[in-house]
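The values are calculated or read from the model by the stated rules, or taken from the named source; none is laboratory data. Note that the structure is predicted; figures quoted are calculated from it, not measured. Reconstructed Cβ throughout: ideal geometry from the backbone, glycine too, with neighbour counts over all protein chains shown.
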Amino acid sequence: MKFEKVGIKKDDKVKVITGRDRGKIGKVLKVLRKKDRILVEKVNVIKRHTKPNAKNRQGGIVESEAPIPWSNVMLMCGKCMAATRVTHKSLEDGKKIRACTKCGETIDS
């Protein structure tokens, strides 16, 4: 099985471009490459009814984030503060970095 390359990494700031949470901005908590999905902070929040157990003594309704397809989000540029596509540039030492297509600023630190 071949996986598509995702230009989004953990702790990146992304903007949701489609779906119920369109327009929301959040931090990427987890990238699930095998399922082509990502987990974004405070986006696609679901409620799950749980019974009391050893981990959750009280039980009740628990809210948590559910993964969304990574194609539904765009990376946010730190300089121009806009949702942008990602380009890859090579530095003189051969290292590859991600850059904003709009302003050319590097995204990787």
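Given the condition surrounded by 12 or more Cβ atoms within 10 Å (Cβ to Cβ), out of contact with any Asp or Glu (no Cβ under 7 Å at 6 or more places or on another chain), of a type outside the set (F, W, Y) and at pLDDT 90 or above, answer yes or no: does some residue in the range 52-59 qualify?
Taking the range 52-59 as the starting set, the residues that turn out to be surrounded by 12 or more Cβ atoms within 10 Å (Cβ to Cβ) are none.
No, that holds for no residue.
Starting from residues that are among the charged types (D, E, K, R) and assigned to a strand (DSSP E or B), keep the ones in the range 74-109 and report whichever is surrounded by the fewest Cβ atoms within 10 Å (Cβ to Cβ). Working first, answer last.
Going residue by residue through the range 74-109, those that are among the charged types (D, E, K, R) are 79, 85, 89, 92-93, 95-96, 98, 102, 105, 108.
So of that shortlist, the ones also assigned to a strand (DSSP E or B) come out as 89, 96, 98.
Numbers: K89: 12, K96: 9, R98: 16.
That would be K96.
Residues being β-branched (V, I, T), without any contact (Cβ under 8 Å) to a residue 60 or more places away in the chain and not in a strand (DSSP E or B): count how many of those fall in the range 1-52.
Qualifying residue count, the range 1-52: 2.
Checking the condition in the same structural domain as K27 (by TED's automatic domain parsing), farther than 23 Å from G23 by Cα and among the charged types (D, E, K, R), which residue from K55, K42, K89, K96 passes? Break it down stepwise before answering.
Working: K42 fails: farther than 23 Å from G23 by Cα; K89 fails: in the same structural domain as K27 (by TED's automatic domain parsing); K96 fails: in the same structural domain as K27 (by TED's automatic domain parsing).
On inspection, the qualifying residue turns out to be K55.
If E41 satisfies every condition in (1) in contact with a Ser or Thr (Cβ under 8 Å, 6 or more places away or on another chain); (2) modelled with pLDDT of 95 or more but one, which is the exception?
That leaves (1) as the condition not met.
Do the conditions hold for I61, that is, is it within 13 Å of the chain's Cα centre (by Cα) and not assigned by TED's automatic domain parsing to the domain that holds K89? Walk me through how you get there before you give the answer.
On the way: within 13 Å of the chain's Cα centre (by Cα): no; not assigned by TED's automatic domain parsing to the domain that holds K89: yes.
No, not satisfied.
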